[in-house]
Structure formats: C-alpha cells, structure tokens
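Okay, so here's the structure we're looking at.
The values are calculated or read from the model by the stated rules, or taken from the named source; none is laboratory data. Computed from a prediction, not measured in an experiment: that's the story for all the values here. Backbone-built Cβ (ideal geometry, glycine too); neighbour counts: all protein chains shown.
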Amino acid sequence: MKKLLQMTAMASACLIGNAALAATVSDTFEVRITLESACEISGTVAGGSLGASDLNFGTHPGLLDANIDADNGSDGIAVRCSNGTSYSIGLDEGSNVDDGPVAGRAMENDGNFVSYELFQDGARNSRWGALNSGEEVNAVGTGARQVFSVFGRVPPQSLNAVDLSAGTTTFTDTITATVEF
C-alpha cells in the first residue's frame, strides 16, 4: 500500500509539473472578401422577379386612326444592382426596325407591319432607346429590386395592305433590354 501511495504521489507530481511547463503560441490571420459592382436582370429576389415583362396593346379594330397606348405597369423591367452602382437600361430597336408604315419599331405578322414606339414616361415624351443613344434610362442601384415601366404607343397609320378578312391577326416584335453598369 505504501508503494501504491508513492506511485500515486509521483504520478501527480509529474502531471502538475507538466502543467506548469505547458505554454501556448498563437498567430493571427485575416478574413477577407472583395465585392464589385453588380447588376442582374433575371431571376427572383426579395420583392419579386427580375426581368422584362411583355407589353400588350390588346385587341382593337383594324382601323388605326388614333393613338393606342399601353404599358407593362408595375412589372415593367425589374433590375437589381448593388447599392450605389450607376447603371443604364437600353432597349434595342426590335426585330423589325423601320419595316412598318411609320419609321421606327414595328410589329410583324406574315410580312405585314404595324409601327409602334416605346417611351420612358406615361406622357410618351421621352423615347426609350438603345444604350449610348442618349435615350436610355439611367439610375443608381439600391441593392433592392427596382422596376421601370415601359410605355408604348401605336400611332395612327394606314394598314391598306393588311388583309384582316380571316379575322383576328396578331402582330409581334421582340425587344432586348440590356443593363450596362
């Protein structure tokens, strides 16, 4: 028993002695992320979807003797850019530019055309054009979804060459919205 007590005492002394000899060393390191300006025009974010919504002028009699106006409302063109990022949104001239009876954008069906135009404002005073045309929309990002309505107008025009005897005829065009930042 005496031997057991001596061995226990020696083991305890070793443990205590090693604890007194223990030391620590340390170093530091940096945690880093680099963020750059960014914009997106497709996908889904808090607040709704991003992208460009269709503009539909609806159904009208085939006698275009007065302006027909439409807009894509609160869905418009939805963009999200990082906070403080300056950006521009341009709309190209479409697939049928200058093919209609009135110069500019045109919707097409089977080789027949209906002219129209796109605007930045409800009064239809500011044409919405391509990037670097002087007719693009300029904005500053907030980090949240920002929506810009597109206002369209079909002006009065002659459709003498369009055969509507078969009934309803739908005219379409494709516009590309581009964001530059």
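All but one of (1) of a type outside the set (V, I, T); (2) in contact with a Phe, Trp or Tyr (Cβ under 7 Å, 6 or more places away or on another chain); (3) over 29 Å from V45 (Cβ atoms) hold for D121; state the number of the condition that does not hold.
Failing condition for D121: (3).
Of the conditions (1) surrounded by 17 or more Cβ atoms within 10 Å (Cβ to Cβ); (2) under 19 Å from I41 (Cβ atoms); (3) without any contact (Cβ under 8 Å) to a residue 24 or more places away in the chain, D54 fails just one. Which one is it?
D54 satisfies every listed condition except (1).
Testing L131 on (1) without any contact (Cβ under 8 Å) to a residue 60 or more places away in the chain; (2) surrounded by 13 or more Cβ atoms within 10 Å (Cβ to Cβ); (3) not in a loop (DSSP other than H, G, I, E, B), one condition comes back false. Which one is that?
(3)
Quick check: anything in region 111-121 surrounded by fewer than 18 Cβ atoms within 10 Å (Cβ to Cβ), over 23 Å from L164 (Cα atoms) and either modelled with pLDDT of 95 or more or in contact with a helix residue (DSSP H, G or I) (Cβ under 9 Å, 6 or more places away or on another chain) (or both)?
Yes, region 111-121 contains a residue that is surrounded by fewer than 18 Cβ atoms within 10 Å (Cβ to Cβ), over 23 Å from L164 (Cα atoms) and either modelled with pLDDT of 95 or more or in contact with a helix residue (DSSP H, G or I) (Cβ under 9 Å, 6 or more places away or on another chain) (or both).
Suppose we keep only residues that are exposed (fewer than 13 other Cβ atoms within 10 Å of the Cβ) and in contact (Cβ under 8 Å) with a residue 60 or more places away in the chain within region 159-171. Which one would you say is farthest from Y87 (Cα to Cα)?
Among residues in region 159-171 that are exposed (fewer than 13 other Cβ atoms within 10 Å of the Cβ) and in contact (Cβ under 8 Å) with a residue 60 or more places away in the chain, the one farthest from Y87 (Cα to Cα) is L164.
Which ones in region 94-127 are in contact with an Asp or Glu (Cβ under 6 Å, 6 or more places away or on another chain), closer than 20 Å to T178 by Cα and either polar (S, T, N, Q) or free of Cβ contacts under 8 Å to residues at least 60 places away in the same chain (or both)?
S95, N96, G104, R127
Please specify each residue of region 134-169 satisfying the condition of being part of a loop (DSSP other than H, G, I, E, B) and within 26 Å of I41 (Cβ to Cβ).
Selection gives G134, E135, E136, G141, T142, G143, A144, S149, V150.
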